[in-house]
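Worksheet: one structure, shown below.
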Amino acid sequence: MSAQRRPRPRVGPLASTGVSARPLDVDALLDDPGTGIIVCCGSGGVGKTTTSAALALRAAERGRKVVVLTIDPAKRLAQSMGIEELDNTPRPVAKVRATKGGSLDAMMLDMKRTFDEVVESGASPEKAQQILENPFYIALSSSFSGTQEYMAMEKLGQLHRQAQEDGSYDLIVVDTPPSRSALDFLDAPERLSSFLDGRFIRLLLAPARGPARLMTAGLGVITSALSKVLGAQFLRDMQTFVAALDTLFGGFRARAEKTFALLQADGTAFLVIAAPEPDALREAAYFVERLGEDRMPLAGLVVNRASPVPESALSADEAVAAAARLRKRDPDSLTAGLLRLHADRTRLVERESLLRQRFAAAHPEVPTVVVPALATDVHDLKGLRRIGELLGRV
Ligand SMILES: Nc1ncnc2c1ncn2[C@@H]1O[C@H](COP(=O)(O)OP(=O)(O)OP(=O)(O)O)[C@@H](O)[C@H]1O
Ligand SMILES: [Mg+2]
């Protein structure tokens, strides 16, 4: 059926569209030597870190030389991968089944360390030192919203350069920070560069480097007002910081642009992770559209933590009717209770399936894989392997 003739689905929020998504062939993606970078995005708590680690492990055990960049993994997961130390360097993961010649290194992003490295590589040693010790820099590098996203991209750029130089990796899997919105990952670097490059900062910078006549009465008023609000010391720190950072401005922007280009390259594959819930899928839809606008290659959608399909073929309505009959005879019937539970689970599975169908109707071009929720959290290699198997089912 051609795209134009596809029936418009829109009858009530949960109306069935009958459209199911194309399956996503994860193993084909992992095995393709052309796949050099996989980026796992999605809104908070949907399973980005778990999926990144599971994909990386599966790829390594299928023969790829993989590095996975994780962001804030849960403690137990980090321990099981041997990356609880925050030293900003990839470390080999023990107990990977490397029979096919693959390998897995893992690391956890150290945001501040990565920022320091950028400063150190872009400024003279004295200037770098001056920046690193500045309180404003310390605050910015450890807490500015968006810094984590920017530094994740920076680290990706570094790993990619290293991989190209010494061939240590042929696949980089990237987790993204726990932001509310998946879009933050793409927006943050621009926000940070515009902040550092913005008018406010330029204004503060002017007295520090411009000719004396720039110190007009107007500007003096602004700076003195600011120093009242922010405190004179803070303002001085900020001015010195910005003046020192000035030499890096070109560097920051150029770097962000380079990494953006890397994200747009053919060898990059974005995976959008979502929970089978309206908000997460809506967020995923925005993200898919944004990737299209930014010409970034989308590999597919992972619907994670789906409710497992109940084994019995009994429909929800049948189970409810049978439970009602049993309860008439015995109000405390255990079987009736189990039948109600079955009905609830079946309805949940149906609801999730309808949500997926709605997504597929709106975005028929996006291949999808559904990963059921495991009975427990995923905190070791065994759990990651299991998630990998579920991802690999076509
Ligand atoms: N398929 C699954 N089955 C069972 N538990 C899962 C599954 N996927 C993820 N989890 C668990 O859900 C929790 C959240 O997962 P994870 O940390 O990967 O999410 P995240 O998207 O990285 O979160 P954040 O946005 O905070 O970084 C973890 O405890 C993880 O073990
Ligand atoms: Mg995470």
Expected sort for 90-96, 268-274, 66-72, 33-39 on mean C-beta neighbours within 10 Å, highest first, is 268-274, 66-72, 33-39, 90-96
Which distance in nm do the two modelled labels at Ala375 and Ala232 give, with both placed 7 Å along the Cα-to-Cβ direction?
-> 6.8
Quickly rank 352-361, 52-61 as a protection proxy: mean count of other C-beta atoms within 10 Å, highest first.
-> 52-61, 352-361
Which three lengths, in whole Å and largest first, does segment 309-365 cover when its Cα atoms are put on their principal axes?
-> 52, 17, 15
Set Lys and Arg Cβ to +1 and Asp and Glu Cβ to -1, take the dipole of segment 309-365 about its Cα centre, and tell me which of Ala362, Ala321, Leu348 lies farthest positive.
-> Ala321
Determine, from the Cβ-Cβ distance of Glu365 and Glu311 and an R0 of 45 Å, the FRET efficiency 1/(1 + (r/R0)^6), rounded to the nearest 0.05.
-> 0.85
Report, as a whole number in µm² per second, the diffusion coefficient that Stokes-Einstein gives for segment 120-185 at 4 °C and 1.567 mPa s using the Kirkwood radius over alpha carbon pairs.
-> 92
In sequence order, what are the phi-derived ³J(HN,Hα) couplings for segment 275-286 according to the Karplus relation 6.51 cos²θ - 1.76 cosθ + 1.60 with θ = phi - 60°, rounded to whole Hz, with x for glycine and proline?
-> 7, x, 10, x, 5, 5, 6, 5, 4, 4, 5, 4
Over all alpha-carbon pairs of segment 280-381, lay out the pair-distance distribution in 5 Å bins, whole %, shortest bin first.
-> 2, 11, 17, 15, 13, 12, 11, 7, 5, 3, 2, 1, 0
For a quick protection proxy, order the peptides 373-382, 319-328 by their average other-Cβ count within 10 Å, most packed first.
-> 319-328, 373-382
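Leaving ligands, DNA and RNA out of it, report the carbon-plus-sulfur percent of the accessible area of segment 309-365 at a 1.4 Å probe. Show your work: numbers first, answer last.
On the way: 2040 of 3740 Å².
That fraction is 55 percent.
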Once you sort the root eigenvalues of the Cα gyration tensor of segment 249-293 as a ≥ b ≥ c, which label holds: rounded (a/c under 1.5), prolate (a/b larger than b/c) or oblate (the other case)?
-> prolate
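I'd like the FRET efficiency for Glu84 and Gln264, computed as 1/(1 + (r/R0)^6) with the beta carbon distance as r and R0 of 41 Å, rounded to 0.05. Show your work: numbers first, answer last.
On the way: r = 34 Å, r/R0 = 0.83.
E(calc), rounded to 0.05, equals 0.75.
Give, in nm to one decimal, the length gained when the segment between Asp27 and Arg393 is fully stretched (0.36 nm per residue of separation minus the Cα-Cα distance).
On the way: separation 366, 0.36 × 366 = 131.76 nm, distance 0.83 nm.
My answer for the length gained is 130.9 nm.
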Cβ-placed point charges (K, R +1; D, E -1), dipole of segment 309-365 about Cα centre in debye, nearest 20 | 220
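From the cross-link list Lys75/Lys112; Lys65/Lys127; Lys127/Lys258; Lys48/Lys100, which pairs have alpha carbons spaced over 30 Å apart?
On the way: Lys75/Lys112 19 Å; Lys65/Lys127 38 Å; Lys127/Lys258 24 Å; Lys48/Lys100 26 Å.
Where the Cα-Cα span goes over 30 Å, the pairs concerned are Lys65/Lys127.
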For Asp110, the residues 5 or more places away or on another chain with a placed amide H closer than 5 Å to its own amide H are Asn88
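The values are calculated or read from the model by the stated rules, or taken from the named source; none is laboratory data. Note that the structure is a prediction, hence the values are computed from the model and not measured. Heads up, the Cβs are rebuilt from the backbone with ideal geometry, glycines too, and the neighbour counts pull from every protein chain shown. All accessible areas refer to the heavy atoms of the entire protein, side chains included, with ligands and DNA or RNA removed. Shrake-Rupley method; radii C 1.70, N 1.55, O 1.52, S 1.80 Å.
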